[in-house]
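Just so you know, all these numbers are worked out from the coordinates, no wet-lab data involved. Please read all numbers here as calculations on a predicted model, not as lab measurements. When we count neighbours, we look across all protein chains shown, and the Cβ atoms used for this are built from the backbone with ideal geometry, even at glycine.
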Amino acid sequence: MRTSEMNAISAGMETGRSHAFLMKRIRKMWLLYAMLVPALILVALFNYIPMYGVLIAFKTFRVADGIWGSTWNDFEHFRTLFSTVGFTRALRNTVIISLLRLVFGFPMPILFALLINEMRNGWFKKTVQSISYLPHFISWVVLAGIVGEILSPQRGVLNYLIQLAGGKPIYFLISNDWFRSILIATDIWKDVGWSAIIYIAALASIDPQLYEAADMDGASRLRKAWHISIPGIVPMIVILFLIKIGHVLNSGFDQIFNLYNPLVYETGDVLDTFIYRIGILNARYDFSTAVGLFMNAIGILLLLGSNMIIRRKSEYGIW
């Protein structure tokens, strides 16, 4: 018997054994798989079946004709993307705000988790952690009102302190010079505590014997954090960084929509708010769908590219 035939037979036997093992596992844990079925049905109903609506990005959509009855437009919406008033500005702002969030916002939960991990007083540690993630449960509608009061030029605390120091009140929320900084600062304030939870959990899984060995060698807290804590959570950092890269064109509709106004469109208008105005307010559903499809396509390419680069340089990655 030739080698190729023997390899084929061996591969077939291996496949059969894997299939038998899988079926045995399903029969043994059928209850857990049955509990998974409702979640799969919900995902199919609300995430996959509606995806047929993406067809209107390739059509001149008319509500009276429906999705299937509308005529194809030969990629007209995609050809006119960059010549549309406001699109290039929204794309530029989206990229800038997302990069600022990656540079300033992404490391903050990591640093906060490391600080929490170094606290020795259990009561104080739990109190700080609880207070830090409370803003996550407040909607941006409420937080936008709080931020507006804090930054108000007439009654805001911040402007009151500026005037005490001899300065003039600043209209923060209508200033293009300040708006992006406010977005980054409030985003960190809202989510730093909640985002740190996953890093705190990863730090808790590090073998305590590594810290004990470092103590015996006389390592300081800073050295233990640098040589033990950070390397221990690198896989989690990489995975969350890749997820952030995949969402680089989704810059947070809720936050920006509740904080921005026409005076800061130059620096605050992003693709999400642009789609809202074009699609919902102007009823250009087909064009706004094309913009959304463009965003998702770029996000997938960025995710695949960054994951491939990281996999080549290290053993970590999403797949």
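Listed values (1) 24.3; (2) 20.7; (3) 19.6 include one computed from this model; for Kirkwood radius over Cα pairs in Å that value carries the label (1).
Enumerate the residues in the stretch 103-147 having an amide nitrogen under 19 Å from the point lying 7 Å beyond the Cα of residue 165 toward its Cβ. In the stretch 103-147, the label zone of residue 165 (backbone N under 19 Å from the point 7 Å along Cα→Cβ) covers no residue. Anyone know which of 141, 37, 128 comes out most mobile in the 10 Å Cα GNM of the chain? Answer for the Gaussian network model of the chain: 37.
If you average the sequence gap of Cα pairs under 8 Å that are 6 or more apart and divide by the length of the chain, what percent do you get for the contact order?
The value is 24 percent.
Across the stretch 62-182, Cα pairs under 8 Å and at least six residues apart give a relative contact order of 10 percent.
Using every pair of separate Cα atoms, the Kirkwood estimate puts the hydrodynamic radius of the stretch 212-319 at 17.2 angstrom.
Pairs from the table (126/168; 125/168; 125/224; 224/244; 126/244) lying more than 29 angstrom apart at Cα are 126/168; 125/168. Here the Gaussian network model covers the chain, with springs between Cα atoms less than 10 Å apart; of 140, 194, 68, 68 fluctuates the most.
Of the candidates 171, 133, 33, which one comes out as most mobile in a Gaussian network treatment of the chain with C-alpha springs shorter than 10 Å? For the chain, modelled as a Gaussian network with Cα springs under 10 Å, the answer is 33. Gyration tensor over the Cα atoms of the stretch 94-213: the corresponding equivalent ellipsoid has semi-axes (square roots of 5 times the eigenvalues, largest first) of 34, 17, 13 Å. Remark: the residue 40-residue 79 segment gains 10.4 nm on full extension, using 0.36 nm per residue and subtracting the alpha carbon distance.
Each Cα pair under 8 Å and six or more residues apart adds its sequence gap; the mean of these over the residue count of the stretch 148-278 is a relative contact order of 26 percent.
Projecting label points 7 angstrom from Cα along Cα→Cβ for residue 88 and residue 204 puts them 5.1 nm apart.
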